[in-house]
Amino acid sequence: MIFSTIFLMSLFDEGGPLMMSLILICLILSVIFLIRGFVSVKSNQNLSKRMLQLASDASLLGMVIGFFASILGLVSAFDSVEAMGNAEPAMFAGGLKVSLITSLFGLLTFIIGRIGILILKALHKD
């Protein structure tokens, strides 16, 4: 348990704390909106549909931020390769790894949001 927590924290730091924090905020918002949508599905259909839309937007924003951070990481990796002149494969692979961590977390945010959205849509009685 402790090892997995340390591993996840190191991935969070490697991905860049700013962008990873923004993606995490989108994930938390998606989950909050989905929970509010599930709670109000029987009592208030309009609120549930509004929460469904907000969850969709928050999860999509998390994915877009992940890809944006990935592109920024790739640009900085290419800049460092250009500055050094000679690209060592290990350094280049490390830069690619760091740039893909944010994409992975953004996609995970989107997938979690989409699964909840599909379940919530199935519960609606349209």
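Values quoted throughout were computed directly from the atomic coordinates according to the rules given, and no laboratory measurement underlies them. These numbers were taken from a predicted model, which means no experiment stands behind them. Methodologically, a virtual Cβ is constructed for each residue, glycine included, from the backbone with ideal geometry; neighbour enumeration extends over all protein chains shown.
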Worksheet, complete the sentence: Least to most buried among Lys125, Lys42, Lys97, by other C-beta atoms within 10 Å and fewest first, runs Lys125, Lys42, Lys97
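List the relative contact order of the chain as a percent without decimals, with contacts defined as Cα pairs under 8 Å and 6+ residues apart.
Value for the chain: 35 percent.
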Worksheet item: Convex hull over the alpha-carbon atoms of the chain: what's its volume per residue in Å³?
Response: 107
Worksheet item: Per-residue ellipticity at 222 nm for the chain, helices alone: DSSP H runs ≥ 4 residues times -39500 (n - 2.57), over residue total, nearest 500 deg cm²/dmol?
Response: -31500 deg cm²/dmol
Worksheet, complete the sentence: In the chain, whole DSSP H helices that both stretch 15 Å or further along their axis by alpha carbon positions and average at least 1.0 on the Kyte-Doolittle scale are 2-14, 17-39, 89-123
Worksheet item: By counting other Cβ atoms within 10 Å of each Cβ, how are Glu88, Glu14 ranked from fewest to most?
Response: Glu88, Glu14
